[in-house]
Every structure is written in structure tokens, then in C-alpha cells.
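These notes are about the structure you will find just below.
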């Protein structure tokens, strides 16, 4: 009887050790729900919370200690890099996996520098997403072969992506301009004045050799910033 109880206790402790707390942040409820169900098929006893915007995500993070944050590139109400910066300062141990339709070639190196531990495209098969989640939860990083190649090439040769010419702040502003957000909203999200946004806009158009926001939007489509 004691042996049975000991085994049961051991199994219980093992399950507790395997249990992970995961926060999903995506503005599409159907994606969050589907992802939550998928995670629970391979992650024993996982606790999965969902947030539809950056403000709600931060509220969850203040209340609970998570093992993994799965994050879309476009977070309503908040710039992705501002959110990553806040998380890095307040919860530096939190591991982050990007799950997005956006082409990783546009963000790869910038995300690595921002502390992201993995990137999976939403078009990837579920087995790849499962592998990525398990890898990042285990303490390792998960990047696709294309992204690893991009990081390697960045060390050896100049990038052919025109958006890599932009400074980190210009890139943040550029992403929001491509999304056709008003200047006042971009200023609010980035904590800058509208006049500063206007200055960045002028520099961005010049560096990318485009004349207006319509051409910038087309360039963004060409490089898969937007679908």
C-alpha cells in the first residue's frame, strides 16, 4: 500500500513539474481558442490564458508568473517592440515565441535583439508549432532554417531588405505607417509627439526611396509586412 501511495505521489509531483503556464496574445479569438486546444494535446496540465490586446496581456503578466508568452506581431493598442521592451524590463525571464502570418525575414534579427526566443509562421504545420513550443519551454531557442540563414548572412554581408536601413525607432514607426494608422495613434502607442512621428516619416520615405504612403504600403506588401 505504501509503495502504491509513493508511486501516486511521485506521479503527481511529476505532473506538477510538467505543468506550464502559457499566455496567448492574438486579436483573433478563433486563433487563440484553437491554439489553446492544440497546446493542451501535447503539454500536460498546461494552464493557458488568452489576451486579445497588449493592455490585457500586461494585466495577466502582473497577476501571474508565466513560463511562455506566445505573441502575434500585430497587437491591438500597442506597438510590438514597445511591448517587448516592457516585458524585457519587468519580466526578463519570460520566454517569448512569436506566432504570426508576417514574414520573419522582416523582423527576424530585430526580434532576436529584443529577446524573442522563437518564431513560427501561422502557415506552418501544427507539428512545427508543437516542436517550437516544446523547444522554447525547454530553455532553447527555435528559429526556422530560413531565419538562421538570415542571421548568419547578416554577419557576413549587407542585407538586401530595404527595411533593414531603418533605425530601430524608424522601423517601429514604419510598421505602423504601413498599417495605415493615424499619426496621433502612432504617437500614442510609441509615446512620442506627432511632430516626432512626422520627422521619422520623412526620414523613412527618404531611406526607402518612396514618395508617399501609398508607395510605402506597396513596398510593405511586396516584402510581406501585410497580407
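The values are calculated or read from the model by the stated rules, or taken from the named source; none is laboratory data. Small disclaimer: the values here were computed from a predicted structure and weren't measured. Counting neighbours? That spans all protein chains shown, and the Cβs are built from the backbone with ideal geometry, glycine included.
Observations
- Within this structure, residue 39 fails the test of being modelled with pLDDT of 95 or more, surrounded by 17 or more Cβ atoms within 10 Å (Cβ to Cβ), in the same structural domain as residue 101 (by TED's automatic domain parsing) and within 17 Å of residue 136 (Cβ to Cβ).
- Leading residue by the ranking (surrounded by the most Cβ atoms within 10 Å (Cβ to Cβ)) among those in region 114-146 that are in contact with a helix residue (DSSP H, G or I) (Cβ under 8 Å, 6 or more places away or on another chain) and assigned to a helix (DSSP H, G or I): 133
- For region 193-227, residues that are part of a loop (DSSP other than H, G, I, E, B) and surrounded by fewer than 17 Cβ atoms within 10 Å (Cβ to Cβ) total 8.
- Filter result (surrounded by 14 or more Cβ atoms within 10 Å (Cβ to Cβ) and closer than 18 Å to residue 83 by Cα) within region 157-176: 169, 170, 171, 172, 173, 174, 175, 176
- In region 46-84, the residue that is farthest from residue 225 (Cα to Cα) out of those that are within 9 Å of the chain's Cα centre (by Cα) and in a loop (DSSP other than H, G, I, E, B) is 72.
- Here region 62-73 is the region considered, the condition is being more than 20 Å from residue 139 (Cβ to Cβ) and buried (at least 18 other Cβ atoms within 10 Å of the Cβ), and the residue that is modelled with the lowest pLDDT is 73.
- The one condition from (1) within 21 Å of residue 21 (Cβ to Cβ); (2) in contact with a strand residue (DSSP E or B) (Cβ under 8 Å, 6 or more places away or on another chain); (3) in contact (Cβ under 8 Å) with a residue 40 or more places away in the chain that residue 122 does not meet is (1).
- The lone exception for residue 82 - which of (1) in contact with a helix residue (DSSP H, G or I) (Cβ under 8 Å, 6 or more places away or on another chain); (2) modelled with pLDDT of 90 or more; (3) farther than 14 Å from residue 133 by Cβ it fails: (2)
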